[in-house]
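The values are calculated or read from the model by the stated rules, or taken from the named source; none is laboratory data. None of the values given here were measured: they were computed from a predicted structure. Methodologically, a virtual Cβ is constructed for each residue, glycine included, from the backbone with ideal geometry; neighbour enumeration extends over all protein chains shown.
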Amino acid sequence: MSAARAARIPYLAAGVSLVIVGVGMAPVAAAPGPAVSAVAAPTVEAAETAPLTNTSHLDWLLDEVPVPDISGHSTYKSGDQPTALAPWTYADRNDDGTYRKIGGGNLNAQGDWSQGAYNADDISRTAVVYLRHWQQTGSEASKESAFQTLRSLAYLQTTDGPNAGNVVLWQQTDGDLNPSAEPIELPDPSDSAESYWVARTVWALGEGYAAFSEADPEFAAFLQERLRLSLGALNRQSLGQYGQYDVADGVAVPAWLIANGADASAEAVLGLAAYVAAEPSDEVARTALTQLSEGIAEMSAGDTQAWPFGAILPWTKSQTFWHAWGGMAPAAVADASVVLDRPDLADAAVKDTAGFSAQLIAAGGPDNAWTPTPSERVQIAYGVDSRLQSLVSTAEATGATGLYELAAVMGGWYFGANRSGEPTYNPVTGVTFDGVQADGTVNLNSGAESTIHGLLSMLVLDAHPELKADALGIDQTVATDGLTVVEAETGTIEGDGSMITAESAWTGEANISGGAYAQLGAGAYLRIPVPAHQQDRNVYPIVNRTIEDAGTTTWSGKRKLGSTPNGGAGEQGITDAPGLLQPFSLDRELKRGERSVTAAVDGPASIDALLLQPLISSVTVDGPAGESTIYVSASEKKSLHQVKVPRGYWLEQQVYDAAGQPVAPPGSKGKGKGHDKGKDQGKVYVAPGGFTETSLIRK
């Protein structure tokens, strides 16, 4: 490769159906839905010069929906055009490979779904797909689809009263709005407070205005009016608290993020950045963009040797919960840094993409969540796309060309470099599957959300031909060697203590790994066996800290590694549970070959698990472009990592620092690239906290 080339609320991922099937297996039957879409089995046959983006499946998901003027709801020229377009929420796969459209919840005798057929989240993101496709390709069909889905979205926005600017989430096929879904979702009614769907509405309206400002000024003025309506709602809700902070387990967190989230806020920022770039004199929008971007950047956490390794945390109500879906925060602050001429905002994006994303890839790819262990090993297009867009946006904003290397591996997920070993996107049909399970089984359904984010990723790849070529050249993940989990309950207790199975793994802000933990009394020891490794490893004990002080735990291998507090978590504040399930960094590494870690406590302690991290993690991928490996540093020192080089080959390496910028390896003549020779044969140079991409070149 080359450098240039929902645990929070019941409704988070609208396009991901819960029916999981294995490749080649018949899907589980679902409620009957209208029509079918014929699609072939996924394959990647498109040449590097042919477009990957194919909107056919998304086009099929669209249906006409009535948009009559009613109290509090209207849209652009509804008198002349009484219908608009909206995508069905789900598409379940039939035995013959076709699809059927499915709404949210159950279908009743009156033809209504208990949630709805269409939702604001998917309508808004569908509009973004068509807007970007039109802008990128000049497609008149996509321009019309963008126009119609924006009209549909505007209809869901409440136009007057105390909830003006907020958005109703669900809509039935006959156009009826469903503000209170079954089961109940929060906020209820759905336009009674700010929400993800308000943030996504701002995203679509902002990008819509930027696209139509010259092509259709009258429609653009309507979109601007509606954007300002939602900004008014945000200013009397979250943004009205700008500069104020909440407390979450003793830590100050920004109180002005939409729905307490950097994730929701980031999607609004994407729209605001596009809007402000097109309309720089709008001070209300510029202020909102600035405030939300600053709040998102403040959620940056950890570093090279501290969990979560530079990630931007998505939720102010937890210090140890990260999720991939809705993970557009790095892309958002990167875009904002350019529009606002605020390079400081990009710092958080760089730490997240160059640091955390590299560790994420080496640990097995874009898993749904680290909470704080990688507990949700499902991978979906929403999470993959969030990572891919963030890597590319940050590279473009900062010139960190190394991020394209990581983006290529992330993009390869769609073409087979995932746990299933099969493509999850088909450029012939535009189908993106609904996800890959930890065991490699695939959800063969293809709902709106997966389709949307698969297409957003393809648009990014089509816009970057060299990156596209690299991603298409990767269709297999050969091996990963990164962060792993060892459960405390696999250990042996000496003294006062027992293994406890939790009533629920979810604490209200994090997950107890494996649903169990070791409860120890003062003076007890816990010896945890760990697999041997050829490298030294960082050890991160996960302690369920109490609010009150409760002594310390001393951690040892063959030597003392460090100590962690058992309590002192700090004021609970806005979180949903007292105490804090927290990974801690230790002072020393566990030496290579060691097979156990021992905890000695001098006060009551609750030990959940250990995270083990090689000082140099790695991911090896293969495909038409050949095999390559990325080595990722979790050390503050430069490293020389020895690898075996077959006879007749050079080992080519491209080296990047902790910010994704190219640096010169020893013996090279230029930045970032070199061949091993002589005594340096097989020695991979990895910069402190950085990463190195290697490939074998025949002599």
**Prompt:** Taking into account only those residues within region 406-448 that are part of a loop (DSSP other than H, G, I, E, B) and in contact with a His (Cβ under 8 Å, 6 or more places away or on another chain), which is farthest from E627 (Cα to Cα)?
**Reply:** S446
**Fill in**
Of the residues in region 159-176, those that are surrounded by 24 or more Cβ atoms within 10 Å (Cβ to Cβ) and of a type in the set (S, T, N, Q) number 2
**Asked** Just for helices (runs of 4 or more DSSP H) wholly inside region 171-282: which have at least 2 residues that are more than 25 Å from G104 (Cα to Cα), modelled with pLDDT of 95 or more and of a type in the set (S, T, N, Q)?
**Response** 217-236
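This table checks each residue for (1) over 19 Å from the mean Cα position of the chain (by Cα); (2) assigned by TED's automatic domain parsing to the domain that holds D121; (3) among the hydrophobic types (A, V, I, L, M, F, W, C); (4) crowded, with 24+ Cβ neighbours inside 10 Å.
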residue	(1), (2), (3), (4)
D282	yes, yes, no, no
E298	no, yes, no, no
A306	yes, yes, yes, no
A311	no, yes, yes, yes
T316	no, yes, no, yes
W325	no, yes, yes, yes
K351	no, yes, no, yes
**Fill in**
Subset of region 361-407, residues touching a strand residue (DSSP E or B) at 6+ places or on another chain (Cβ under 8 Å) and hydroxyl-bearing (S, T, Y), comes to T371, T373, S375, T401
**Asked** Being closer than 28 Å to P583 by Cβ, among the hydroxyl-bearing types (S, T, Y) and modelled with pLDDT of 95 or more, is that true of even one residue in region 317-324?
**Response** yes
**From the options E422, E405, residue that is among the charged types (D, E, K, R), more than 29 Å from A86 (Cα to Cα) and either crowded, with 24+ Cβ neighbours inside 10 Å or touching a helix residue (DSSP H, G or I) at 6+ places or on another chain (Cβ under 9 Å) (or both)** = E405
**Message:** Can you report the number of residues in region 268-327 which are more than 30 Å from L610 (Cα to Cα) and aliphatic (A, V, I, L, M)?
**Reply:** 14
**Asked** Looking at T451, is it polar (S, T, N, Q), part of a helix (DSSP H, G or I) and modelled with pLDDT of 95 or more?
**Response** yes
**Message:** Looking for something over 21 Å from V129 (Cα atoms), assigned by TED's automatic domain parsing to the domain that holds L85 and out of contact with any helix residue (DSSP H, G or I) (no Cβ under 9 Å at 6 or more places or on another chain) - is there at least one such residue anywhere in region 193-206?
**Reply:** no
**Asked** Quick one: would you say D576 is farther than 21 Å from H533 by Cβ and charged (D, E, K, R)?
**Response** yes
**Asked** What is the one condition in (1) outside any loop (DSSP other than H, G, I, E, B); (2) buried (at least 24 other Cβ atoms within 10 Å of the Cβ); (3) not hydroxyl-bearing (S, T, Y) that D347 does not satisfy?
**Response** (2)
**Request:** Provide a single number: the residues in region 592-638 that are under 26 Å from Y517 (Cβ atoms), assigned to a loop (DSSP other than H, G, I, E, B) and not acidic (D, E).
**Result:** 4
**Request:** Could you run through region 435-475 and say how many residues are polar (S, T, N, Q) and either farther than 14 Å from Y414 by Cβ or outside the structural domain of N119 (by TED's automatic domain parsing) (or both)?
**Result:** 4
**Request:** Kindly provide the set of residues from region 610-630 that are over 22 Å from the mean Cα position of the chain (by Cα) and on the phi < 0 side of the Ramachandran plot, ordered by number.
**Result:** L610, L612, P614, L615, I616, D622, P624, A625, E627, S628, T629
**Prompt:** Residues in region 60-75: is at least one surrounded by fewer than 17 Cβ atoms within 10 Å (Cβ to Cβ), at pLDDT below 95 and either assigned by TED's automatic domain parsing to the domain that holds T424 or farther than 20 Å from V428 by Cβ (or both)?
**Reply:** no
**Request:** Kindly indicate whether any position in region 111-118 is among the aliphatic types (A, V, I, L, M) and out of contact with any helix residue (DSSP H, G or I) (no Cβ under 9 Å at 6 or more places or on another chain).
**Result:** yes
**Fill in**
Residue pairs qualifying under the 7 Å Cβ cut-off, at least six apart or on distinct chains, with the first in region 550-578 being assigned by TED's automatic domain parsing to the domain that holds Y525 and the second being crowded, with 19+ Cβ neighbours inside 10 Å and basic (K, R), are P565/R545; N566/R545; G567/R545; G568/R545; A569/R545; I574/K317; T575/K317; D576/K317
**Asked** Would region 619-633 turn up any residue that is of a type in the set (D, E), crowded, with 22+ Cβ neighbours inside 10 Å and modelled with pLDDT of 95 or more?
**Response** no
